[in-house]
Amino acid sequence: MRFLIPILALSMALPALGQNPLRREEDPIPAAVENIYTRGLRSLAATQKEDGSWPDGVGEEPGVVGLAVMSFLAHGEDPNHGPYAKNIKNGIDFILGKQQDNNGYIGTSMYSHGFATLALAECYGMYRDKRIAPALKKAVDLILSAQKRNPKGGWRYSPDASTSDTSIAGCQIVALYAARNAGIPVPDSALEKGMKYMRKCRGSDGGYGYQSAMGDRPTLTAIGVLTESLAKQHKTKPYQASAKYLAKNLNYRERHYAYYFEYYMAQALFHSDEEVWNEWNAKNTRYLATIQRANGSFPGSRGESFNTAGALLSLALNYRFLPIYEK
């Protein structure tokens with residue numbers, strides 16, 4: 001995983017600020033979650049550069065900027081009004097400015113491109129910027145053309161890659177579903193081909209490997225479960241095996257890409273078994289509360305902007321503002 005990894009998708013428009021049809025009145029936001037989240041957003045806002053990026057190396061990757069933008073949106077922040085509107089606007093401006101005119105590629109890797117595409121899909125329909133729709137369409141076309149050139153039917157680091165892996169392929173599949181939900185045409189055949197590659201990397205116990213069914217890991221399995229959830233495959237036996245695999249790993253912590261794992265694990269568990277997600281969410285909340293720094297950021301070796309955005313997004317299902325969370 002060369003650039004960091006690093007995830008949600010806004011279809012159509014978000015509900016008005018403060019109106020969340022996906023939450024029930026009897027499901028209040030835990031105070032600990034709100035405390036962690038608001039402190040994290042303040043940290044991201046305070047450290048963002050004027051050009052919309054973050055000064056920590058990886059924070060200049062459009063994909064990381066996209067994750068940070070999504071962490072604001074996932075809290076119900078308004079991209080047109082409110083205390084973080086400028087942060088969201090500057091982030092989107094940065095992403096749009098990094099898109100190549102000739103082919104729609106955003107950033108320096110398909111990781112960056114995939115997460116940047118997700119961020120554009122999140123904002124499409126809710127952020128009054130006529131540049132987003134054509135940029136999102138070009139970004140989707142790049143994903144589709146890269147898949148057509150790939151003999152595996154998936155994706156890897158470069159748009160011209162001939163190999164694939166479940167981490168990058170999963171990122172592109174989620175981006176395609178997000179774009180489709182936002183109204184951008186995505187052929188069924190592309191999604192089916194991508195899912196076919198992912199399934200080749202799933203073992204009999206439900207675990208997913210990196211480029212084959214060998215060497216399965218919880219992080220990759222969480223990605224696989226999320227893609228299968230978006231494909232509405234909840235009732236299949238392989239899906240249920242993968243869900244059980246994750247349920248046995250609720251205490252797992254990823255050493256090298258911690259917040260990447262947590263980001264995907266939250267979504268996978270919520271889609272597969274909300275009761276199990278509740279248990280994991282409580283553990284994750286306690287864990288993040290113990291490691292959050294005094295300034296609201298999170299520690300790690302992948303850059304403060306990514307660490308913080310990833311940690312916050314792993315809590316975002318407590319709010320459920322994003323339509324990607326619909327079951």
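Just so it is clear, none of the values below were taken in a lab; they were calculated from the coordinates. Just so it is clear, the structure is predicted and the values come from calculations on it, not from any experiment. We place every Cβ from the backbone using ideal geometry, glycine too, and count neighbours over all the protein chains shown.
Structure values in brief
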quantity: Estimated dipole of segment 31-319 in Debye, rounded to 20 [Cβ of Lys and Arg +1, of Asp and Glu -1, Cα centre]; calculated: 600 debye
quantity: Entry for volume of the Cα convex hull per residue in Å³ (calculated from the structure that is shown) out of (1) 249; (2) 184; (3) 116; calculated: (3)
quantity: Sorted by Cβ neighbour density within 10 Å, fewest at the top, the residues 81, 75, 256; calculated: 81, 256, 75
quantity: Estimated 222 nm signal from helices in the chain, with DSSP H stretches of n ≥ 4 weighted -39500 (n - 2.57), rounded to 500; calculated: -17000 deg cm²/dmol
quantity: Computed lengthening from residue 29 to residue 236, 0.36 nm per intervening residue step minus Cα-Cα distance; calculated: 71.3 nm
quantity: Förster radius 41 Å - calculated FRET efficiency between residue 81 and residue 294, Cβ distance, rounded to 0.05; calculated: 0.90
quantity: Magnitude of the charge dipole, segment 95-253, Cβ model with Lys/Arg +1 and Asp/Glu -1, debye to 20; calculated: 260 debye
quantity: When each of 193/232; 89/232; 193/244; 86/232 is checked by Cα-Cα distance, pairs over 27 Å; calculated: 89/232; 86/232
